[in-house]
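Quick notes on the structure that follows.
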Amino acid sequence: MAFTDRHIVETYSSLFETLSSSTKIDLIESLTKSLKKEKTNDHFFKSFGAFASTKSPKEIYKDIKNGRKFRKKDWKF
């Protein structure tokens, strides 16, 4: 265990000493559940393709380009 990990564990352990027995048991159960969960990058991979459209890229490009509005303003100095 690295020094920083050991320090973190010791710090949390000192905080846990003030908790009641039932709270400690709940904490142990919560930690156990978190260990049993399979860690994946689903959230990262689900973010790809979030923009869903039936239009082709060329149609989307035309829509964006045609949606632009420019106004000319004469600046008088």
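Every number in this text was worked out from the coordinates using simple rules, so none of it is lab data. The shown structure was predicted, so the numbers you read here are calculated from the model rather than taken from an experiment. Virtual Cβ from ideal backbone geometry, glycine too; neighbours counted across all protein chains shown.
Given the alternatives [x] 358; [y] 87; [z] 160, volume of the Cα convex hull per residue in Å³ as computed for this entry is given by [x]. How tilted is helix 3-16 with respect to the longest principal axis of the chain? Cα atoms for both, answer in degrees (0 to 90, nearest 10). Taking Cα atoms only, the helix is inclined about 70 degrees.
Determine, from the Cβ-Cβ distance of PHE44 and ILE8 and an R0 of 30 Å, the FRET efficiency 1/(1 + (r/R0)^6), rounded to the nearest 0.05. E(calc), rounded to 0.05, equals 0.75. Net charge dipole, the chain: roughly 1320 debye, given to the nearest 20, about the Cα centre with Cβ charges of +1 for Lys and Arg and -1 for Asp and Glu. So what's the angle, to the nearest 10 degrees on a 0 to 90 scale, between helix 57-67 and the longest Cα principal axis of the chain? Compared with the principal axis, the helix lies near 70 degrees. By how many degrees, between 0 and 90 and to the nearest 10, does the Cα long axis of helix 21-36 differ from the longest principal axis of the chain? Long axis of 21-36 versus the principal axis of the chain: about 50 degrees.
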